[in-house]
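The values are calculated or read from the model by the stated rules, or taken from the named source; none is laboratory data. None of the values given here were measured: they were computed from a predicted structure. Because the Cβ atoms are built from the backbone with ideal geometry, glycine has one as well, and the counts that use them run over all protein chains shown. What goes into the accessible areas is simple: the full protein's heavy atoms, side chains included, and nothing from ligands, DNA or RNA. Shrake-Rupley method; radii C 1.70, N 1.55, O 1.52, S 1.80 Å.
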Amino acid sequence: MALLLSKSRKLICLKPKIGFLSSVYHNHTLISPNLRTPFRILGLNQPHFAYFRFGSTKAQTQLNPMHSIDNDSQVLDFPGGEVKFTSHLNFIPETREERVHCYRVLDDDGYPITNDFAQIEKEVALKIYTDMVTLQTMDTIFYEAQRQGRISFYLTTVGEEAINIASAAALKTDDFIFPQYRESGVLLWRGFTIQEFANQLFGNKNDYGKGRQMPIHYGSNKHNYITVASTVATQLPHAVGAAYALKMDAKNACTIVYFGDGGSSTGDFHAALNFAAVLDAPVIFFCRNNGFAISTPVSDQFRSDGVVTKGQGYGIRSIRVDGNDALAVFTAVHEARKMAVNERKPILVEALTYRAGHHSTSDDSTKYRPAKEIEWWRRERDPVSRFKKWIEREGWLNPQVESDLRSNIRKQVLQAIQVAEKQEKPPIKDIFTDVYDVSPANLQEQEVSIRETVRKHPQDYPTDVPV
């Protein structure tokens, strides 16, 4: 067992037992599977992951809305279920005595602290590591390209590589991804190539968005990856609606929606959780709690114990996981997906991590947090290094293979930039397509006007944009 000091200066216990908070409050709130034995609920002789619901009642049958259970108590037969009366004046406390524990598998040195995790084959483990290294390399080189003025904007995933790749590895290709904007690794796992990433960042003619999105707004119909939008948390209700559609069509799939701790401070977050709970939508809410909503620390966002406890308030099963532990993330999402698909229920996963880079190329995070703190997280809690130590001990990786891997990926990224940079931009006509079936007169006039303007003043416009 280990302790993690959170940004709010409170200790969070890191535990090796995977446990989901039950969707409703009762005396046994921890639901915990043992992945190698038949499922069970701790302290209860009930099937594992039994989903608790209050019994519903019908108004027309409520002839006696109050009745006795025994000599000392009565219950109110209220819409939504029976409510027991009490003579004790008790307020529910604003916080628990102890913070919700954080599930982990690997300690900081890459040693397993439990056998209670989903087994990963060698090929899958090596792909997880390869994609995390690829993501690191892409972030380094694309960030430098932005600083050189070759692209206009970029956003890294430094410190959150395990969240990206391990969560993606636990999903199926039929599952739909609703990203925020720091989940390029999920798309990478699904087969989006380095060249495709570069094409989008440079907005050339091979960009699937036709140059009409800002850099890092990736999207792929082929990979069921919904296009990124910078508007915070709007993807949450979308993911719930899509999940409900999958349920109605009896699909063996779910949706997963990623968001940051800042996203949980929006109205869309609360609407989406309630929407999902009431409709029993098979959606996984995945919160990347990295401590900051850009420059706003979690201590200035909410007084609750992070985000995980919010799920129970809406009747959603929830778990907190070490976001820098690839095996823990994989196991939690693997289990969450099984519950979401098999039981047709929403699940909330809160991954505790740390954004070890700036929010974006428009941000200087040293203005609101110590540089030494950032460096400590990079050095001591790097998720890629931790996972590397584990696969090395498994005998699946050696220093020479590691060196060749990093060298090869770096060459691929540099080559992709050179190719993307030389491609023409999308033609001007693409500005006016894909919205209307028949373009209205005012848009036709604007198209004619911009073409004439470019021809009259060619020196003011890029030469690589076909007119």
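Some notes on this structure:
- Accessible area per residue in Å² at 1.4 Å probe, computed on the chain: 49
- Shape annotation for the range 194-308: C-alpha extents along the principal axes are 46, 42, 20 Å, from largest to smallest.
- Too-long pairs where the Cα-Cα distance tops 26 Å, listed order kept, from K122/K310; K172/K345; K17/K345; K251/K388: K122/K310; K251/K388
- Overall form of the range 340-427 per C-alpha gyration tensor (a/c, 1.5; a/b vs b/c): rounded
- Point-charge dipole on Cβ atoms (K/R +1, D/E -1) for the chain, about Cα centre, debye to 20: 320
- A DSSP coil position with no more than 13 other Cβ atoms inside 10 Å describes the following GluC sites (Glu not before Pro) in the range 387-467: E394, E424.
- Working from Cα pairs under 8 Å separated by at least six residues, relative contact order for the range 100-197 is 24 percent.
- Under 21 Å from the Cα of K456 - lysines, other chains or at least 8 residues apart: K425, K429
- Rounded tilt (10° steps) of 399-422 against the dominant C-alpha axis of the chain: 60
- Cα-based shape type of the range 242-368, given that a ≥ b ≥ c are square roots of the gyration tensor eigenvalues and the cut on a/c is 1.5: prolate
- Other residues whose C-beta falls under 10 angstrom from the C-beta of T309 contribute a net charge of +2, scoring Lys and Arg +1 and Asp and Glu -1.
- Whole-number percent relative contact order across the range 275-421, with pairs defined as alpha carbons under 8 Å at least 6 apart: 27
- Relative contact order of the chain, pairs being alpha-carbon contacts under 8 Å that are 6 or more residues apart, as %: 18
- Largest to smallest in accessible area, the residues K251, K425 fall in the order K251, K425 (1.4 Å probe, all protein chains included).
- Part-to-part distance (alpha-carbon centres) for the range 103-172 and the range 334-386, which is given in Å: 10
- Label corresponding to volume of the Cα convex hull per residue in Å³ when calculated from the structure given, among [x] 168; [y] 158; [z] 186: [z]
- Zone of S439's modelled label, taken as backbone nitrogen in the range 191-232 under 17 Å from a point 7 Å along Cα→Cβ: 210-212
- Distance distribution note for the range 71-122: the fraction of Cα pairs above 14 angstrom is 76%.
- Charge dipole (debye, nearest 20) of the range 332-404; +1 at Cβ of Lys and Arg, -1 at Cβ of Asp and Glu: 260
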